[in-house]
Amino acid sequence: MPRLYPESPTQQPWSFLDTRPFSSEEIISLFHKADELRQNQESLGSYTQNEAVGKVVFLLFLEPSTRTRLSFEMAALRLGHRVVVMDAGAGSSRVKGESDVDTVLNVMAMGPDALVIRYNRSPELDQLLPRLPIPVISGGNATAAHPTQALLDAYTLYRSRIERGIGGAGDLRGERVLIVGDINHSRVARSNFDVLTKLGAEIGVCGPPKLLPAVGEIPNVKVFRDLDEALLWPTVYMGLRVQLERHESGETGSGSLEAFHERFGMTAARLAKLSSEALIMHPGPINHGVEFAEGVTEDPRSRVLVQVANGVLIRAALLSKIFEGRAR
Ligand code: CP
């Protein structure tokens with residue numbers, strides 16, 4: 001641990017590295033902030049009239065990203081902030097062997113007002129980030145957590161319930177979310193287990209046995225072995241990408257990707273079995289022909305691009321609260 005920062009964590013109340021310290025009330029309050037920004041956009045043409053806020057948000061993405069990085073960028077710009085972006089590409093001194101910790105320390109020395117960071121497994125960064133003296137937001141941490149993805153997923157369900165006239169209290173009671181695919185390597189699944197259950201939804205998982213948690217390993221999560229039987233259960237179907245880059249064996253846990261698709265992919269036949277009221281979600285990126293057959297995202301039940309749009313709103317809501325000093 002570098003001695004620049006305190007030895008004991010000084011987790012700032014306005015940082016957001018994990019959903020677990022946040023209560024359901026705090027999460028719903030964030031949804032209300034996102035609703036406020038949405039209404040401002042509709043009536044004023046912008047999230048805020050205070051366009052000269054002038055904060056500098058540093059986006060440090062040490063793993064690839066499209067949706068998370070760009071939606072944080074969009075959110076910050078729409079709020080009137082400025083952004084500096086460093087991504088996982090070849091244009092940084094990481095290619096010369098600079099460590100992730102040194103990269104963060106150098107970014108900090110430049111004085112950003114907030115840091116959004118995505119990184120692969122790093123116990124050193126796990127220790128350092130909560131000690132930084134500025135707000136730090138996780139943009140996804142290895143297989144451990146993707147807190148803002150879980151927020152935008154829950155917000156998408158919350159909005160769909162409002163649109164259907166069943167969302168009065170803001171919680172997700174009555175929803176049964178079936179998460180299908182590579183659960184064990186999914187930070188999205190992990191954060192969703194926390195947020196969705198906190199808001200009252202039930203969760204089931206289905207996928208190749210090698211890619212599933214053991215029964216009982218994750219409390220209150222149903223484990224389904226057979227997708228065709230599981231399909232009768234959910235109000236929400238959430239597909240997940242097979243994360244080959246995180247597999248030690250480089251395998252899908254179900255033989256080939258074709259075999260995975262046959263047993264655990266959303267196919268035309270399975271679309272027909274799924275309730276006509278169910279929603280279809282996926283955090284992206286999607287491997288068409290693997291977890292979803294071609295055409296699934298065009299199904300009227302798909303909310304995949306709504307999730308992306310809501311990602312900008314929910315990240316803007318989080319940045320707003322953080323800069324107001326009241327994320328908690
Ligand atoms: N859902 C998600 O995290 O997508 P990106 O990897 O493109 O950010």
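The values are calculated or read from the model by the stated rules, or taken from the named source; none is laboratory data. What you see is a predicted model, and the numbers here were worked out from it, not measured in a lab. As a convention, Cβ positions derive from the backbone with ideal geometry for all residues, glycine included, and neighbour counts pool all protein chains shown.
Overview of values
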item	result
For ARG131: the one exception among (1) surrounded by fewer than 20 Cβ atoms within 10 Å (Cβ to Cβ); (2) closer than 27 Å to LEU227 by Cα	(2)
Within segment 155-266, helices (runs of 4 or more DSSP H) holding 1 or more residues that are within 21 Å of the chain's Cα centre (by Cα)	187-198
Odd one out for LEU105, checked against (1) surrounded by 14 or more Cβ atoms within 10 Å (Cβ to Cβ); (2) within 16 Å of the ligand (Cβ to nearest atom)	(2)
Residue within segment 287-303 that is acidic (Asp, Glu) and either under 30 Å from LEU79 (Cβ atoms) or touching a Gly at 6+ places or on another chain (Cβ under 8 Å) (or both) present	yes
ARG246 out of contact with any helix residue (DSSP H, G or I) (no Cβ under 9 Å at 6 or more places or on another chain) and modelled with pLDDT under 95	yes
From ARG69, ARG118, ARG94, residue being without any contact (Cβ under 8 Å) to a residue 60 or more places away in the chain, touching a strand residue (DSSP E or B) at 6+ places or on another chain (Cβ under 6 Å) and either of a type in the set (Lys, Arg) or assigned to a strand (DSSP E or B) (or both)	ARG118
Residue within segment 195-214 that is buried (at least 23 other Cβ atoms within 10 Å of the Cβ) and charged (D, E, K, R) present	no
Unique match (being within 16 Å of the ligand (Cβ to nearest atom) and assigned to a helix (DSSP H, G or I)) among ALA150, ALA88	ALA150
Residue that is nearest to the ligand (Cβ to nearest atom) [pool: residues in segment 53-71 that are in contact with a Pro (Cβ under 8 Å, 6 or more places away or on another chain) and farther than 16 Å from SER138 by Cβ]	THR66
Test for GLY97: is it surrounded by 21 or more Cβ atoms within 10 Å (Cβ to Cβ), among the small types (Gly, Ala, Ser) and on the phi > 0 side of the Ramachandran plot	no
